[in-house]
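The next block holds one structure in the form of structure tokens; read it before the comments.
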Amino acid sequence: MEQSDFNDAHFLKVALLNKNFGGQRSIIDLSFHLNPKECLGIIGPNGAGKTTLFNLLSGIIPSTSGSIIWLNQEIQKKSAVQISYLGIARTFQNIRLFKQLTVLENIRIAYDTQLTYTPLDALLRSPHAIKEEKKSIHASMELLDLFSMTSLAYEAAGGLSYGDQRRLEIARALALRPRLLLLDEPAAGMNEAEMNKLMELLRWIQKEFTLSMLLIEHHMPFIMGLCNRMLVLDFGQLIAEGTPEEIRQNRRVIEAYLGEEEKNEF
């Protein structure tokens, strides 16, 4: 699957972003950029503001101040639906599938947002509605085939293994045809073998779909093995930015997050 080449040097820019919850500042004057086709990792201790940042980028909550510029337009005041239409999709730390629906139906829910028939077309089963539904099923099955999940198409999503549920959630996000994929702790709850398979899958996705990724993850070998650049947050502030090797050796990061004992893990 190919998409048009990216023309923007930094197609995502965050500038002096702030988020206050009551009197508490969760994100403080945060600025960074994301390059086309880049995998950028975000780490930090619990409460550092990582998921809050994802919620701001995906339109789940509004910012207090600052700007989020995506493909040369500000999006910090747009809704989650509007932002998804602009090419930003996300997954969640806690998997959010429609577990009572089938694997195929979960994918179709994402594809159906791109169909053009009206509710009246659907009610009357018009030729246009039938054609669009066939298109949705075909595209969904193609995507499941890419993920080697066609044999599970008619299984209930809630009956899948944890690893397969995570793969399905990522596949559903890709059905929105994003240019940027936000992944919130995708390896949470996985053993080492599952994490290795997920790392291979994400590398394949980035190449196959020619997209960029923004990744939150606590498992350091996983995120450092996958991302070419990293940001470190602490109490809502950016305290370090650089390559995995630079982050690994950063004294402030070691003191604030990794700790001397955990440094040797890498």
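Below is a table of values for the structure above.
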{"read-out": "Some residue of the stretch 207-220 being hydrophobic (A, V, I, L, M, F, W, C), open to solvent by 20 Å² or more (accessible area, probe 1.4 Å) and assigned to a helix (DSSP H, G or I)", "value": "no"}
{"read-out": "Residue list for the stretch 148-159, restricted to those being buried (at least 20 other Cβ atoms within 10 Å of the Cβ) and outside any helix (DSSP H, G or I)", "value": "149"}
{"read-out": "Subset of the stretch 59-72 (residues that are free of Cβ contacts under 8 Å to residues at least 24 places away in the same chain and surrounded by 13 or more Cβ atoms within 10 Å (Cβ to Cβ))", "value": "60"}
{"read-out": "Candidate set from the stretch 164-185 (those that are charged (D, E, K, R) and open to solvent by less than 10 Å² (accessible area, probe 1.4 Å)); member that is modelled with the lowest pLDDT", "value": "166"}
{"read-out": "Counted residues, the stretch 114-147 - those being open to solvent by less than 90 Å² (accessible area, probe 1.4 Å), of a type outside the set (A, V, I, L, M, F, W, C) and modelled with pLDDT of 90 or more", "value": "1"}
{"read-out": "Flag if residue 243 is open to solvent by 30 Å² or more (accessible area, probe 1.4 Å), closer than 27 Å to residue 71 by Cα, in contact (Cβ under 8 Å) with a residue 60 or more places away in the chain and hydroxyl-bearing (Ser, Thr, Tyr)", "value": "no"}
{"read-out": "Selection within the stretch 11-68 - among the small types (Gly, Ala, Ser) and within 16 Å of residue 239 (Cβ to Cβ)", "value": "26, 31, 41, 44, 47, 48, 49"}
{"read-out": "Count of residues meeting criterion [on the phi > 0 side of the Ramachandran plot and modelled with pLDDT under 70] in the stretch 228-266", "value": "1"}
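Conditions tested, residue by residue: (1) basic (Lys, Arg); (2) farther than 30 Å from residue 255 by Cα; (3) open to solvent by less than 50 Å² (accessible area, probe 1.4 Å).
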position	(1), (2), (3)
46	no, no, no
57	no, no, yes
74	no, yes, no
80	no, yes, yes
85	no, yes, no
90	yes, yes, yes
109	no, yes, no
112	no, yes, no
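The values are calculated or read from the model by the stated rules, or taken from the named source; none is laboratory data. The model shown is predicted, which means the values in this text are computed figures rather than measured ones. No Cβ is skipped: glycine too gets one built from the backbone with ideal geometry, and neighbour counts run over all protein chains shown. Accessible surface areas use protein heavy atoms only, side chains included; no ligands, DNA or RNA. Shrake-Rupley method; radii C 1.70, N 1.55, O 1.52, S 1.80 Å.
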